[in-house]
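A.B. asks: Please see the structure below; I have some questions.
The values are calculated or read from the model by the stated rules, or taken from the named source; none is laboratory data. For clarity, every value in this text was computed on a predicted model and none was experimentally measured. We place every Cβ from the backbone using ideal geometry, glycine too, and count neighbours over all the protein chains shown. Heavy atoms of the whole protein, side chains included, go into the accessibility calculation; ligands, DNA and RNA do not. Shrake-Rupley method; radii C 1.70, N 1.55, O 1.52, S 1.80 Å.
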Amino acid sequence: MARKGSSIRLSSSRISSLLLSMFATFASFYVAGRLWQESQTRVHLIKELDRVTGQGKSAISVDDTLKIIACREQKKTLAALEMELSAARQEGFVPKIPKHSDGTETKKRPLVVIGIMTTLGNKKKRDAVRQAWMGTGASLKKMETEKGVIARFVIGRSANKGDSMDKSIDAENSRTDDFIILNDVVEAPEEASKKVKLFFAYAADKWDAQFYAKANDNIYVNIDALGSTLAAHLENPRAYIGCMKSGEVFSEPNHKWYEPEWWKFGDKKAYFRHAYGEMYVITHALARFVSINREILHAYAHDDVSTGSWFVGLDVKHVDEGKLCCSAWSSEAICAGV
């Protein structure tokens, strides 16, 4: 009986050995097949690289081959972007309209929103601006769609809200539709800084533009020169562009540029670097910063100083652009006084 059990165990052991041997054989064939397939893939990739580069035999690895191919694709993409930028500079500086997967065009992103600071009694100046460079109706819309430039007059409300001056502005706006009316701003010199702050906040919330510009209603703007200049700064996400200076702080109450908070600027009473004058520009990121922090950003007596103060301590690129000094009119100047 013991001899019979031993025979059964021996037979079972032989069968297990046979099955293990068969499994090992099949596994060897599978691994060999995969190695052969991978080697063929490597050979194919290397031959393709040789065919494209014309360099003959190559000992380059598959990983390096794929890196080279990816690099070439990136170069093609960069070249295409450079061509688009060049075309944009010649066609109004509006970026190429991206398309959805179904082929329909997405909405254009405006290049710049210009807020023209005006006052209740300045209708003649507004009409002069409309006639000189801003346009009305179809021409204003054409400037928006073809050049990506949105221009609006920015105004507050009368100290006596709802009076004849407010009604006059509402009537003018109903005809021209080219105002941003800030109901929380009283139209007065001491409110100028708050007015500019709320314009940047309002514009950033309403329009997803590349840039936002503050301008006065006593200048003419060269739209083509403005577009050309701003196009050169599209790669700067936090650019603050204008005619820069660091001037004296005046503590005498009877001075034209009196600063009531002069004591905040130290013993030498000198302003920090800021863009002054009739026009300056900030990027989308900075306008969004103003919008988000509008309640806590301090307003000094003058809007240009106030705007500069909001960016102290931030990683901002100050661009001293002489074309924005608005001193004299020329084909290269962005703006000029009237």
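A.B. asks: Do we have any residue at all in the range 201-220 that's under 18 Å from Met279 (Cβ atoms), in a helix (DSSP H, G or I), among the basic types (Lys, Arg) and touching a residue at least 60 places away in the same chain (Cβ under 8 Å)?
C.D. replies: No, because not a single residue in the range 201-220 is under 18 Å from Met279 (Cβ atoms), in a helix (DSSP H, G or I), among the basic types (Lys, Arg) and touching a residue at least 60 places away in the same chain (Cβ under 8 Å).
A.B. asks: Can you tell me which residue in the range 146-182 is least open to solvent (accessible area, probe 1.4 Å), limited to those that are of a type in the set (Gly, Ala, Ser) and in a helix (DSSP H, G or I)? Even if it seems obvious, please write down each step before you answer.
C.D. replies: Start the filter on the range 146-182 by keeping residues that are of a type in the set (Gly, Ala, Ser), which leaves 148, 151, 156, 158-159, 162, 164, 168, 171, 174.
Pick out the ones that are also in a helix (DSSP H, G or I) and you get 164, 168, 171, 174.
Details: Ser164: 88, Ser168: 65, Ala171: 40, Ser174: 92 Å².
Looking at residues that are of a type in the set (Gly, Ala, Ser) and in a helix (DSSP H, G or I), I get Ala171.
A.B. asks: Can you work out which of the residues in the range 120-145 that are free of Cβ contacts under 8 Å to residues at least 40 places away in the same chain and open to solvent by 70 Å² or more (accessible area, probe 1.4 Å) is nearest to Glu190 (Cα to Cα)?
C.D. replies: If we take residues in the range 120-145 being free of Cβ contacts under 8 Å to residues at least 40 places away in the same chain and open to solvent by 70 Å² or more (accessible area, probe 1.4 Å), then Lys124 is nearest to Glu190 (Cα to Cα).
A.B. asks: If Ala232 meets every condition in (1) farther than 22 Å from Thr283 by Cβ; (2) open to solvent by 30 Å² or more (accessible area, probe 1.4 Å); (3) among the hydrophobic types (A, V, I, L, M, F, W, C) apart from one, which number is that one?
C.D. replies: Looking at each condition in turn, Ala232 falls short on (1).
A.B. asks: In addition: Taking only the range 226-265 into account, find how many residues are closer than 15 Å to Gly308 by Cβ, within 19 Å of the chain's Cα centre (by Cα) and not β-branched (Val, Ile, Thr).
C.D. replies: Going through the range 226-265 one residue at a time, the tally reaches 4.
A.B. asks: Test each condition in (1) in a loop (DSSP other than H, G, I, E, B); (2) in contact (Cβ under 8 Å) with a residue 24 or more places away in the chain; (3) among the charged types (D, E, K, R) for Glu235 and report the one that comes out false.
C.D. replies: The failed condition is (2).
A.B. asks: In the range 266-303, which residues are within 22 Å of the chain's Cα centre (by Cα) and free of Cβ contacts under 8 Å to residues at least 40 places away in the same chain?
C.D. replies: His274, Phe289, Ile292, Asn293 - these are the residues of the range 266-303 that are within 22 Å of the chain's Cα centre (by Cα) and free of Cβ contacts under 8 Å to residues at least 40 places away in the same chain.
A.B. asks: If I ask for residues that are β-branched (Val, Ile, Thr) and either buried (at least 22 other Cβ atoms within 10 Å of the Cβ) or touching a Pro at 6+ places or on another chain (Cβ under 6 Å) (or both), which ones from the range 303-320 would you list?
C.D. replies: Here is the first cut: in the range 303-320, the ones β-branched (Val, Ile, Thr) are 305, 307, 312, 316, 319.
The answer is Val305, Thr307.
A.B. asks: Within the group Ala215, Ala225, which residue is in contact with a helix residue (DSSP H, G or I) (Cβ under 8 Å, 6 or more places away or on another chain), hydrophobic (A, V, I, L, M, F, W, C) and closer than 17 Å to Cys325 by Cβ?
C.D. replies: Ala225
A.B. asks: Now a separate question. Any residue in the range 248-268 that is outside any loop (DSSP other than H, G, I, E, B), open to solvent by less than 50 Å² (accessible area, probe 1.4 Å) and among the aliphatic types (A, V, I, L, M)?
C.D. replies: no
A.B. asks: Of the conditions (1) open to solvent by 50 Å² or more (accessible area, probe 1.4 Å); (2) farther than 26 Å from Val129 by Cα; (3) of a type outside the set (Asp, Glu); (4) outside any helix (DSSP H, G or I), Phe289 fails just one. Which one is it?
C.D. replies: Looking at each condition in turn, Phe289 falls short on (4).
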